Amino acid sequence: MNLSAARERLIVALDISSIDEARALVRKLGDEVVFYKIGYQLGYAGGFELARELIAVGKKVFLDLKLHDIGNTVEEGIRSIAQMGVTLATVHAYPQTMRAAVKGKAGSNLKVIAVTVLTSYDNNDFIEAGYSGTVSELVAKRAAQAKDIGIDGIVCAATEAGRVQEIIGTDKLIVTPGIRPAGSSADDQKRIVTPAMAIRSGSTHLVVGRPITAAADPVAAAKEIVAEIASAL
Ligand SMILES: O=C(O)c1cc(=O)[nH]c(=O)n1[C@@H]1O[C@H](COP(=O)(O)O)[C@@H](O)[C@H]1O
């Protein structure tokens, strides 16, 4: 079982409102977790500083701000993010937005990944939002556009990872949130998949928040997920 390869595939979402609590959790998780995601909740509560701290001690950081704006704003926003030294950043998978992001990251090591359809959406939510067709059709369309534009990878539910891999190929990132170990609560996620199934479906990285951060024993929860990933590699 290759646990260190499995650890590289796990991204823990630090969806916590306090920097001190986030620091304490990172300390507790120790070497079990090498890749952290900082999104709205922690980012706007001082998490950008924590991102720099984590990078300084050798962790990888995924800055999940899901940018979507006019081209110039996205391009310059991504250029600023690239200077922070983070590994990954998100934009929404709209063609103008993805083109701007590709320009903004030029010359840097930042990888930009595009969010297709959020994992909290099912076909009913999709229609309510004004779209026609199905979630999986739009995921496939956006994946194809992302590939043409030259984005580094896709964020989608692991339910779509196999189809996305066929479209974008095996050299791009397929980052899948909505991961739930068997028997755990779905919370507000609608398109959920277990860690092992997500890996078998072609996910390169799994984003896991509450199943670890809200667990009674986060270290044990992380170890179990790492072991499950390793079993599927
Ligand atoms: O971009 C993301 O990371 C993301 C995209 C998506 O479609 N669904 C999704 O849940 N996420 C993020 O992944 C994390 C999932 O957290 P949990 O549901 O607690 O495991 C959250 O930080 C979400 O913001």
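Let me confirm something: among Ala82, Ala5, Ala24, which residue is out of contact with any Asp or Glu (no Cβ under 9 Å at 6 or more places or on another chain), closer than 30 Å to Met197 by Cα and at pLDDT 95 or above?
Values: Ala82 fails: closer than 30 Å to Met197 by Cα; Ala24 fails: closer than 30 Å to Met197 by Cα.
The conditions single out Ala5.
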Residue hits (segment 53-67; over 18 Å from the mean Cα position of the chain (by Cα) and over 14 Å from Leu14 (Cβ atoms)) are Ala56, Val57, Gly58
The condition of being more than 12 Å from the ligand (Cβ to nearest atom), in a helix (DSSP H, G or I) and under 11 Å from Val86 (Cα atoms) holds, among Leu25, Leu54, Leu29, Leu50, only for Leu54
Going through segment 178-189 in order, the residues found to be within 10 Å of the ligand (Cβ to nearest atom), touching a residue at least 24 places away in the same chain (Cβ under 8 Å) and not small (Gly, Ala, Ser) are Ile179, Arg180, Asp188, Gln189
Taking segment 191-233 and the residues there that are within 10 Å of the ligand (Cβ to nearest atom) and without any contact (Cβ under 8 Å) to a residue 60 or more places away in the chain, the one that is nearest to the chain's Cα centre (by Cα) would be Pro211
Inside segment 66-110, the number of residues satisfying the requirement of being more than 16 Å from the ligand (Cβ to nearest atom) and in contact with a Ser or Thr (Cβ under 6 Å, 6 or more places away or on another chain) is 1
Picked from segment 93-149 (must be without any contact (Cβ under 8 Å) to a residue 40 or more places away in the chain and acidic (Asp, Glu)), the residue surrounded by the fewest Cβ atoms within 10 Å (Cβ to Cβ) is Glu128
Inside segment 3-22, the number of residues satisfying the requirement of being under 20 Å from Ala158 (Cβ atoms), away from the ligand (no atom under 15 Å from the Cβ) and touching a Leu at 6+ places or on another chain (Cβ under 8 Å) is 2
Exactly one of Asp188, Asp152, Asp171 is farther than 19 Å from Ala89 by Cα and either surrounded by fewer than 22 Cβ atoms within 10 Å (Cβ to Cβ) or under 14 Å from the mean Cα position of the chain (by Cα) (or both), and that one is Asp188
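The values are calculated or read from the model by the stated rules, or taken from the named source; none is laboratory data. Being a predicted model, the structure only gives us computed values, none of them experimental. Backbone-built Cβ (ideal geometry, glycine too); neighbour counts: all protein chains shown.
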